[in-house]
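Peer 1: The structure under discussion is supplied below as structure tokens; questions concerning it will follow.
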Amino acid sequence: QVQLVESGGGLVQAGGSLRLSCAASGNVFSTYTMGWYRQAPGKQRELVATINRGGITNYGDSVKGRFTISRDYAKNTVDLQMNSLKPEDAAVYYCNSQPKGSGSVYWGQGTQVTVSS
């Protein structure tokens with residue numbers, strides 16, 4: 001199993017920045033792809049950004065150019081730098097871990113991001 005613990009959420013004004021961090025523990029060899037998803041009230045969970053062990057990144061269209069995902073393979077952490085935040089970025093952000101091929105997908109407990117206008 002993989003345990004994912006997020007940190008760094010909070011309240012920020014529109015136009016501001018926040019940095020989220022996720023630390024993985026347990027069977028980290030299965031964490032081929034790690035990333036972030038978010039869910040706002042009344043909406044489906046959506047992709048924010050992912051990064052795999054090859055360093056290939058994937059971003060949701062709404063965050064391209066504003067958010068940057070990075071990964072420390074030695075520390076088993078994945079960070080999300082969020083700049084130019086908008087009120088519509090407010091959501092619970094979830095860290096995610098996926099294996100290469102078949103296997104279990106893991107989620108963190110989520111961290112709240114609130115953006116005031």
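The values are calculated or read from the model by the stated rules, or taken from the named source; none is laboratory data. Just so it is clear, the structure is predicted and the values come from calculations on it, not from any experiment. Reconstructed Cβ throughout: ideal geometry from the backbone, glycine too, with neighbour counts over all protein chains shown. In case anyone asks, the SASA skips ligands and DNA or RNA and just uses the protein heavy atoms, side chains included. Shrake-Rupley method; radii C 1.70, N 1.55, O 1.52, S 1.80 Å.
Peer 1: Which loop-located trypsin sites (Lys or Arg not before Pro) does segment 1-90 contain, where loop means any DSSP state but H, G, I, E or B and the Cβ has at most 16 other Cβ atoms within 10 Å?
Peer 2: For trypsin sites (Lys or Arg not before Pro) across segment 1-90 that sit outside H, G, I, E and B with at most 16 neighbouring Cβ atoms in 10 Å, the list reads K43, R45, R53, K64, R66, K75.
Peer 1: Considering Cα pairs under 8 angstrom that are at least six residues apart, work out the relative contact order of the chain and quote it in whole percent.
Peer 2: Relative CO of the chain lands at 37 percent.
Peer 1: With the crude spin-label approximation of a point 7 Å out along Cα→Cβ, what separation in nm comes out for R19 versus S84?
Peer 2: So the two model labels end up 2.0 nm from each other.
Peer 1: Select from segment 32-73 those chymotrypsin sites (Phe, Trp or Tyr not before Pro) which occupy a DSSP coil region and have at most 15 other Cβ atoms within 10 Å, ordered by residue number.
Peer 2: Y32, Y73
Peer 1: Quick one: with all protein chains in place, what share of the accessible area of segment 46-95 is carbon or sulfur, to the nearest percent (1.4 Å probe)?
Peer 2: It is 47 percent, rounded to a whole number.
Peer 1: Using a 1.4 angstrom probe, figure out how much accessible area the chain has per residue, in square angstrom, rounded to the nearest whole.
Peer 2: 52 Å²
Peer 1: Next question, about the same structure. What whole number of Å gives the distance from the Cα centroid of segment 1-57 to the Cα centroid of segment 62-117?
Peer 2: If we compute the Cα centre of each part, the gap is 3 Å.
Peer 1: How big is the convex hull of the Cα atoms of the chain, per residue, in Å³?
Peer 2: 96 Å³
Peer 1: Counting Lys and Arg as +1 and Asp and Glu as -1, each charge on the Cβ, what is the dipole of the chain about the Cα centre in debye, to the nearest 20?
Peer 2: 160 debye
Peer 1: Set Lys and Arg Cβ to +1 and Asp and Glu Cβ to -1, take the dipole of the chain about its Cα centre, and tell me which of T111, F29, G15 lies farthest positive.
Peer 2: F29
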